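Worksheet: one structure, shown below.
What follows draws every value from the coordinates through simple rules; no lab data is involved. All values reported here derive from a predicted model rather than from experimental measurement. Don't worry about glycine lacking a Cβ; one is built from the backbone with ideal geometry, like all the others, and counts go over all protein chains shown.
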Amino acid sequence: MTISRRQLAASLLTASHIAERHAIAAFIADEAAQPAPNPFPQTSVGAVRQVWRQRAAEFQSLAIEEIGLTCLLAAVSSMGVDETLVQEILRTGPHTANVFHRGDGCRIIGAVLYGKPGTGLPCRPTSRLERTALTSRSRAPMAAEQLDLFARV
């Protein structure tokens with residue numbers, strides 16, 4: 001890894017074009033997140049476009065949860081295909097974060113956090129609408145009894 005986790009997380013927090021930057025930065029800052037093998041630390045915008053468009057299709061077909069992918073694809077779509085980017089990969093258990101920057105670790109282009117199929121994200125942000133729905137559901141009166149089909153008599 002070319003820069004520290006702490007610097008990478010701090011730089012990610014300043015990348016206002018990444019909607020889920022707080023959740024991804026929290027993952028990167030976590031002590032458990034460690035640099036992963038990185039076969040292509042230097043890559044091109046064209047390669048990032050191609051690889052992550054393909055992964056977007058795979059993630060959708062395999063029901064893999066991710067955050068940041070839409071923002072990454074939007075950012076690289078306005079860049080020249082020959083521009084050079086540096087990729088940082090961090091992993092913990094079933095979760096992986098890929099962060100792309102210009103090489104100085106400060107100007108973050110995009111980041112994607114994803115898990116393995118069937119694995120939820122460790123720090124999935126909830127939207128205001130989701131928080132409202134969860135709050136109103138928790139205030140709703142619970143049914144007095146619920147039939148348990150698997151209870152042993």
> On full extension of the chain, what length is gained from Asp104 through Ser16, given 0.36 nm per residue of separation minus the C-alpha to C-alpha distance?
Replying inline: 29.9 nm
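Which net charge results when you count Lys and Arg as +1 and Asp and Glu as -1 among the other residues whose beta-carbon is under 9 Å from that of Ile64? Kindly include the intermediate steps, with their values, before the conclusion.
Working: positive: Arg55, Lys116; negative: Glu58, Glu65, Glu66.
Once positives and negatives cancel, what remains is -1.
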